[in-house]
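Working notes for the structure below.
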Amino acid sequence: MIKYALACDQAHEFESWFPSSEAYESQRKRGFVTCPVCNSGKVEKQIMAPAVGRKEKSEIQVAPKDAQPMAIISDKERDVRAMLRALREHVTRTAEHVGDRFAEEARKIHYGEADQRSIYGETNPAEAKALIEEGIDVLPLPLVPDDRN
């Protein structure tokens, strides 16, 4: 296992473990390495001093084969997660869930073909971009990992 110091394009710093450098590169290219604070996929390795020490083979700790990448977050990052979680809970409590019909319903509302109301649902990135280009105000609803992560 290899521990990397990482930072996203928003300057959030965190650490994560990977089975190998190849595993890190593969996961990063596939978009699986994301910032635990802002969920940005623009993550890069930071300069990190190697941990060098002489240990007997019996003293060397090896991570389990089923270990997953993890990060330790600060109190500030926990507060941001709490705010994002509160936002998500507010939207899901007060808006109508339209599922995969989100883009269709957003257009109907925007063009006056349906009653004005708050909605949330799912769409793909290309469709979300098209909505924005049409002048329809949409925002991604953040997914926040639970407190155990």
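In table form, for the structure just shown:
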read-out: Cβ-Cβ FRET estimate between Asn39 and Arg93, R0 fixed at 25 Å, reported to 0.05; value: 0.70
read-out: Packing-based ranking, highest mean first, of 132-139, 27-34 given that Cβ atoms within 10 Å are counted; value: 27-34, 132-139
read-out: Integer Hz, Karplus 6.51/-1.76/1.60 couplings in order for the stretch 103-111, x for Gly and Pro; value: 4, 4, 5, 4, 5, 4, 5, 4, 8
read-out: FRET efficiency estimate (nearest 0.05) - Cβ-Cβ, Leu143 to Arg117, R0 25 angstrom; value: 0.65
read-out: Residue pairs, from the table Lys76/Lys108; Lys45/Lys76; Lys3/Lys76; Lys29/Lys129, whose Cα atoms sit over 32 Å apart; value: Lys76/Lys108
read-out: FRET efficiency for Ala126 and Arg30, using Cβ-Cβ distance with R0 set to 22 Å, rounded to 0.05; value: 0.75
read-out: Fully extended contour minus Cα-Cα distance, from Ser20 to Ile136, at 0.36 nm per residue; value: 37.4 nm
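Just so you know, all these numbers are worked out from the coordinates, no wet-lab data involved. Note that this is a predicted model, so its numbers are computed, not measured. Methodologically, a virtual Cβ is constructed for each residue, glycine included, from the backbone with ideal geometry; neighbour enumeration extends over all protein chains shown.
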